[in-house]
Amino acid sequence: MQIKENNVSETLMADVAEEVDARTEPIVNDLTIHVATVNGSGSQSSNNVLMRSIFQMGVPVSGKNMFPSNIAGLPTWFTIRANKHGWIGRKKEVDLMVCMNAQTAREDVEALQPGALCIYDAPLNCKTMRNDVHFFEVPFAKLAADLSEDSKLRKLLTNMVYVGIVAELIGIERDEILAAITKQFKGKQKAVAANVAAIDKGLEWAKANLPRQNKWRVERMNATQGKIIVDGNAAAAIGAMFGGVTVVTWYPITPSSSLCESLIEYMKQHRIDENGKATFAIVQAEDELAAVGMVLGAGWAGARSMTSTAGPGISLMAEFVGLGYFAELPGVIWDIQRVGPSTGLPTRTAQGDINQVAFLSHGDTQHITLIPNSVGECYEFAQQALDLAEEFQTPIFVLSDLDLGMNNWMSDPFEYPTKPIRRGKVLTAEQLTELEGKWGRYADVDGDGIPWRTLPGTDHPFASYFTRGSGHDAMARYSERPADYKATVDRLQKKYETAKLFVPRPVVDTRDGAKIGFIAFGTTHWSLEEARDQLRREKGVETSYFRLRALPFTDELKEFVATHDRVYVVEQNRDGQMADLIRLEVGEDQRKLRKILHYTGLPPDARTITDAVLQMESTIGLAEPLLLVRALPTLGGTAPAVIPTIVPQTGSREVRAAED
Amino acid sequence: MAESTLKIGSGEAIKENKLGLKATDYGGGKSTLCAACGHDAVSNQIIRAFFEMSVKAEKVAKFSGIGCSSKTPAYFLSRSHGFNAVHGRMPAVATGAILANHTLIGIGVSGDGDTASIGLGQFMHLVRRNLPMIYIIENNGVYGLTKGQFSATADEGSKLKTGVINDLPPMDLCALAVELGCGFVARGFAGDPKQMVNILKAAIAHNGLSVIDVISPCVTFNNHEGSTKGYTYSKEHDELLHQIGFVPEYEPIEIDYEPGTARVVEMHDGSKIVLKKLEEDYDPADQVMALQRLHRATANGQMLTGIVHLRPEKKNFMEMLNVVDEPLNTLPLEKTRPPKEALEKIMRDLM
Ligand SMILES: Cc1ncc(C[n+]2csc(CCOP(=O)(O)OP(=O)(O)O)c2C)c(N)n1
Ligand code: SF4
Ligand SMILES: [Mg+2]
C-alpha cells in the first residue's frame, strides 16, 4: 500500500467529506484510535482514561503504548483498539488520529487511510497536508489557557482536553469518563476536579464548534462486565505473590522493570505479617549476573526465588544458568523480550530470545520454558514456574514480551489458586534418619531423572553435600570419571524428558478437514486468531491452530504437524527461531513448515498474517525440500509507521512482513 | 617479630568442645592442593576456630568461587553444605542462600583473582550490603589454578618465576572494604595460625560481614625470590597492628590490662575481643585511621596484620530488609500465600 501515491482528486475529497457527514450506517464499536504526543508530556493518564471509559461502556478494548527509549522529548504513540468481536490485537489501519506532536504530524497524517478522521492541534495545520482525510482542528492552547495557572499542569490538562474532544466526536459517555478519571487519580479530589474540568472543556467546545461525524461510533454494549484491565508484568507479579515467592532479585531494564516494581508494591500490601515483618526479601542487585546468582543461591537453600529481565540481562546470566542447570538449582527467570541490544530498539517488542533462552549457556544445556500469551497466563505461569523450578531443580524461564508485559489487556479476573504449592523432592532430617543417612544427591532413585536434595541447615550429620557443576558422581563426590560425567548429563536429559509431562500443554484447535495449520505462541496469538477469522469469513478457509505454551515440546506437536498439509509458524523474529526448533522436532514432516515472520518492533497485525498466508498458499506446488528465500531489504523509512505491507517473494516458504 | 596473640585463660588446647565434638569432626575431604600451599594452612585454621567456638557444622553453609583457594571448602567442615559457585560470583550465591535462610552461618572462601579481578563488583556490593557472613580472601598475588599469572593484588615490582615484572599498583582489599563501610576488616597471614584463629573466632562472633584478607602463599607459583607474597618475605614484612585475644561469651575470664594499653570490644553475642596496643593508640572503629594506617604500612613496604576495622553495631542486610524471624525457606503456605480476599480486592481494583 503506497499512501503517498494516492492522488486524490477534489471530487473524491468532496465525496469523502459528504460520506462522513451523511453516512446513515455508522461503524459501531470497531475502531482504532491513535494518539501522537511527545514523550514525557504526561499523555499516559489521558490515554488510560480514554481506554478505560470505552471499556466501561462494555466494549472490548486494548491499549498499546509505542514509546521511544527516552525520558522526555521524543515522539510517542498510543493506540487504542475497540472491537465488538473482541479482536484486540494490533490493527494497522488508523481510523481516528489525534495529532499533538509537531515532530511527527506530517508522517502521522500521511500514514492515514483515506477517509480517516484526524483531530489535530491548530498550529500543526494538518488540513493542508492531505485532502482525503476528515480533519478536526482544535485550538488546544486556547482551550487549556484558563485551566491552570501552572504551565506544567496546563500541559498535562491539555491532554485531557483531547479526551473530551474524542469523546464528543465518537460518543463516549461522560459518566464513564468521570468514573475512569476517579480510578486513574485514585479519587484524589483536586486532581479529579482539575481533569474533569479539562474534559468538559473539550466536550463542550467540540459540541459547539466541530462538525458531527457519523462514521465511527462507540455505543454501550455488554462484553466487559466483570473483566479487569491489567498489564502482563503486574499479572505476573500477582501470580508470583500468590505462588508463594520469597526471594526476588532484579536489575532494572525495560520492559521488565515494572514486573518487580509491581511485585514490591503488592508484597508491601499483602505479605507483611502481623508483627510488621516481611515474609519476603526483594533485592535490587548490582547487575543481572548478581541477580541470577542470588536467585540460584536462594533456590539452593530452599527459597522460592525469581528474577525478571530482558534480552541483554539474559545474555549476562548465561554462565550462571549453565551452573544452575548442571548443579540442579531451582529458580525462575522472566524474560520480557524486546528488540536486540540496549542501543537498538529497547522499547519495542519482539520474540527474539527463543534460541538464547532455550539453550542458554555452555555445554549441553536445555531449559524448561513457559510461554504465556495473556495476562491470565502470566498470572498462572508465574505460580507454575515456581513449582516447576523446585520440582525439577533447575532454572525455569518464562518468556513474555514488551507487548504483553507493558501494555494493558482485558481479562477475566484471576482465580484464587486451589492447589497447594509443590516443593519438590527435599529430604528432611527425619527422613534422613529413616534412611540411616544413606542417600545420594544425584542418584536417580525414582527413574524420572530428578534426584532428591537436602537443604543447608538441615540438622542431620549426613545431610550435607558439596555442590559443584558437572564434575560429580551420584553421591555428589568429586569426579572427573568419563562414566560419571556421561551419567550426569544423560540423567539431565531424562529429567528434561520428564518435564514434557508437567509443562503447560499446548492449546490445540483442530478443525475438521482443515489442511492448513498454524503454530504460534505468546502475543502473536491475538492477531493470529483474528487472521484465522479473516481467512474463514473472507476466503472460506478453515484453519487449525496449535498454540505452543512451553518447551520442551510435548507429543501433540508432531501429531499436529502430521495431520496438516501445510503448517505456518508465525513469530516475531527474523530467523524463525521457533520454527527451526520445530523443524528439529518433527523430522520428515519439516517439509510442511512455512515461516511467517514479523519483526519490526511492533506487534504483528491480523491482515499482515492473512496476506502472508494467501501469498504462500499460491505457491503450494513448491519443490521439496523446504527452501528458505531471504527477504529483500525492507522498504526504507525510519519512522515507526503503522501500515505494514508484505515484501512479495515468489517461490518462498517464508514471508517477512515489512513496514514502510 | 612480636607475639601476635594474647594469652588469655589457661591457654591449654581443648580436646572436646561444648558440643562434645572433636576437632576431627570439623575436618573435610582430603586436600588436592600442592603440599605446603598456604590455603591448606588456612583450612586448618578454620577447622580449629569453628571447633573451638563449638559451632554446629550443620548450621554452616560454605561458599566459594573458582580457584585453588575456592576448592578448599571441600577440605573443611564436611558436615556443612558447600557450594562451589562460578568465578568471582560467590557473593551473589551466598547472598541468595542467606536471604533464603538467615540462620545459616555463612563462610565464603575466595582468592585474590576471584575477588579483586573478575569478582570485584560483586565483592564491593557484598560489602555495601553488610550481609552477615565471613568472607575470606586467600591472597597469594597470583592465579594459582590457571598456573601463575599476576593477580590484581600483586605488588608493584614483584617478579613472576618467568621473570615478568608487575608494573601495576596492587589493590588493597582491606582498604577497599574499610572504604565501603565494612564493619569487620582484618588481615591475617597463613604463617601465623594463632593470630588467624583469633581473627576467625572474632569473625564468627560478628553479626555482619567480616572481610579477612589472608596472605596465603602459593608455593608453586609465587614463593620464589622476588615474590612479595611468599612465606619468607611475608614473615619478614609482617607488621602487627596489635595483639589479639578472643574471649568467648561463656568464659568468665577477667580482663585486666593496665589502663590505656588494650581495647576491649564487646561483640553482638557477648564475647569480647581484646586488642593490645603495640604502638600508638589505635582505634579500630575509626575508618579514617584504618585507611591511614593501611596506606602507611604499604608505603613503608610492610604488610599490616590484625583487626584493622571493627564496628560490631552496624546493621546487617537482613535487619535492613526487616524479614521475619523464621527462615524464609521454611515459611508455610499460610504465610506466603495471601488469603482469597486479598486477590479479590486486587481484582476489584483492576476492574
Ligand atoms: C569465567 C571464568 N573465566 C576464567 C576462569 C579460569 N580461572 C579459573 S581459576 C582462575 C584464577 C584464580 O585465581 P585466584 O582467585 O587468585 O585463586 P588461586 O588459584 O590463586 O587460589 C581463573 C582465571 C574461570 N574458571 N571462569
Ligand atoms: S598452585 Fe599455588 S595456590 Fe594452587 S594449590 Fe598449588 S600452591 Fe596452592
Ligand atoms: Mg590467587
What number of residues within segment B:95-142 satisfy the criterion of being surrounded by fewer than 24 Cβ atoms within 10 Å (Cβ to Cβ) and within 16 Å of ligand 2 (Cβ to nearest atom)?
1
Test A:GLY313 against the criterion of being in contact (Cβ under 8 Å) with a residue 60 or more places away in the chain, crowded, with 23+ Cβ neighbours inside 10 Å and closer than 24 Å to A:PRO68 by Cβ, and give yes or no.
yes
Regarding segment A:232-253, can at least one residue be identified that is open to solvent by less than 10 Å² (accessible area, probe 1.4 Å) and farther than 28 Å from A:LYS419 by Cβ?
no
Kindly establish whether A:GLY447 is out of contact with any Leu (no Cβ under 8 Å at 6 or more places or on another chain) and over 18 Å from B:ALA85 (Cβ atoms).
yes
Top-ranked residue in segment B:227-250 [being over 26 Å from B:LEU176 (Cβ atoms) and outside any helix (DSSP H, G or I); ranked as farthest from ligand 1 (Cβ to nearest atom)]:
B:TYR250
Checklist (1) away from chain A (no Cβ under 14 Å); (2) open to solvent by 50 Å² or more (accessible area, probe 1.4 Å); (3) among the hydroxyl-bearing types (Ser, Thr, Tyr) applied to B:SER271, failing item
(2)
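For (1) within 27 Å of A:ARG217 (Cβ to Cβ); (2) assigned by TED's automatic domain parsing to the domain that holds A:PRO211; (3) at pLDDT 95 or above, each residue gets a yes or a no:
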position: A:ILE119; (1), (2), (3): yes, yes, yes
position: A:VAL133; (1), (2), (3): yes, yes, yes
position: A:GLU149; (1), (2), (3): no, yes, no
position: A:LEU153; (1), (2), (3): no, yes, no
position: A:ASN159; (1), (2), (3): yes, yes, no
position: A:VAL166; (1), (2), (3): yes, yes, yes
position: A:ILE199; (1), (2), (3): yes, yes, yes
Among the candidates A:GLY363, A:GLY344, single out the residue that is surrounded by fewer than 20 Cβ atoms within 10 Å (Cβ to Cβ), within 14 Å of another protein chain (Cβ to nearest Cβ) and assigned to a loop (DSSP other than H, G, I, E, B).
A:GLY363
Quick check: anything in segment B:144-156 buried (at least 24 other Cβ atoms within 10 Å of the Cβ), outside any strand (DSSP E or B) and within 13 Å of chain A (Cβ to nearest Cβ)?
no
Residues located in segment B:126-154, provided they are in contact with a Pro (Cβ under 7 Å, 6 or more places away or on another chain) and more than 11 Å from ligand 1 (Cβ to nearest atom)
B:LEU126
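Could you tell me which of the residues B:LYS235, B:LYS229 is open to solvent by less than 50 Å² (accessible area, probe 1.4 Å) and in contact with a Gly (Cβ under 8 Å, 6 or more places away or on another chain)?
Result of the check over B:LYS235, B:LYS229: B:LYS229.
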Filter segment B:179-193 for residues that are part of a loop (DSSP other than H, G, I, E, B) and either open to solvent by less than 20 Å² (accessible area, probe 1.4 Å) or in contact (Cβ under 8 Å) with a residue 60 or more places away in the chain (or both) and give the result.
B:GLY181, B:CYS182, B:GLY183, B:ALA190, B:GLY191, B:ASP192
Tell me yes or no: at least one residue of segment B:163-181 is touching a Phe, Trp or Tyr at 6+ places or on another chain (Cβ under 6 Å) and more than 15 Å from ligand 2 (Cβ to nearest atom).
yes
Scan B:ALA36, B:ALA41 and give me the residue that is open to solvent by 10 Å² or more (accessible area, probe 1.4 Å), assigned to a helix (DSSP H, G or I), within 16 Å of ligand 3 (Cβ to nearest atom) and not polar (S, T, N, Q).
B:ALA41
Could you say whether any residue in segment A:292-309 is without any contact (Cβ under 8 Å) to a residue 24 or more places away in the chain, within 11 Å of chain B (Cβ to nearest Cβ) and out of contact with any helix residue (DSSP H, G or I) (no Cβ under 6 Å at 6 or more places or on another chain)?
no
Restricting segment A:382-407 to residues that are closer than 22 Å to B:ALA342 by Cβ and open to solvent by 10 Å² or more (accessible area, probe 1.4 Å), the one farthest from the other protein chains (Cβ to nearest Cβ) turns out to be A:GLN384
Pairs under 7 Å by beta carbon, first residue more than 8 Å from every other protein chain (Cβ to nearest Cβ) in segment A:262-283, partner among the polar types (S, T, N, Q) and open to solvent by less than 30 Å² (accessible area, probe 1.4 Å), six or more apart or different chains?
A:SER262/A:ASN233
Residues in segment A:563-610 that are in a helix (DSSP H, G or I) and of a type in the set (Gly, Ala, Ser) total 3
The conditions are (1) within 17 Å of B:ILE136 (Cβ to Cβ); (2) more than 8 Å from chain A (Cβ to nearest Cβ); (3) out of contact with any strand residue (DSSP E or B) (no Cβ under 7 Å at 6 or more places or on another chain), and B:SER64 fails exactly one of them. Which is it?
(3)
Name the single residue, out of those in segment B:49-82 being buried (at least 24 other Cβ atoms within 10 Å of the Cβ) and polar (S, T, N, Q), that is farthest from ligand 3 (Cβ to nearest atom).
B:SER80
Quick check on segment B:118-143: of everything there that is assigned to a strand (DSSP E or B) and closer than 18 Å to B:ASP172 by Cβ, which residue is farthest from ligand 3 (Cβ to nearest atom)?
B:TYR135
Flagged in segment B:150-161 as of a type in the set (S, T, N, Q) and either modelled with pLDDT of 95 or more or within 7 Å of ligand 3 (Cβ to nearest atom) (or both), in numbering order, are B:SER151, B:THR153
Would a scan of segment A:516-531 turn up a residue that is part of a loop (DSSP other than H, G, I, E, B), at pLDDT 95 or above and of a type in the set (Gly, Ala, Ser)?
yes
Would you say B:LEU176 is on the phi < 0 side of the Ramachandran plot, touching a Leu at 6+ places or on another chain (Cβ under 9 Å), more than 13 Å from ligand 3 (Cβ to nearest atom) and not in a loop (DSSP other than H, G, I, E, B)?
yes
Return yes or no: is B:ARG89 within 8 Å of chain A (Cβ to nearest Cβ), crowded, with 24+ Cβ neighbours inside 10 Å and either within 16 Å of ligand 3 (Cβ to nearest atom) or among the basic types (Lys, Arg) (or both)?
yes
Within segment B:102-109, can one find any residue that is out of contact with any Ser or Thr (no Cβ under 7 Å at 6 or more places or on another chain), within 14 Å of another protein chain (Cβ to nearest Cβ), hydroxyl-bearing (Ser, Thr, Tyr) and more than 12 Å from ligand 3 (Cβ to nearest atom)?
yes
Quick one: in segment B:1-22, of everything that is open to solvent by less than 30 Å² (accessible area, probe 1.4 Å) and not β-branched (Val, Ile, Thr), which residue is nearest to ligand 3 (Cβ to nearest atom)?
B:SER4
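The values are calculated or read from the model by the stated rules, or taken from the named source; none is laboratory data. All values reported here derive from a predicted model rather than from experimental measurement. Positions of Cβ are generated from backbone atoms using ideal geometry, with glycine treated the same way; all protein chains shown enter the neighbour counts. These accessible areas exclude ligands, DNA and RNA; they are computed on the full protein's heavy atoms, side chains included. Shrake-Rupley method; radii C 1.70, N 1.55, O 1.52, S 1.80 Å.
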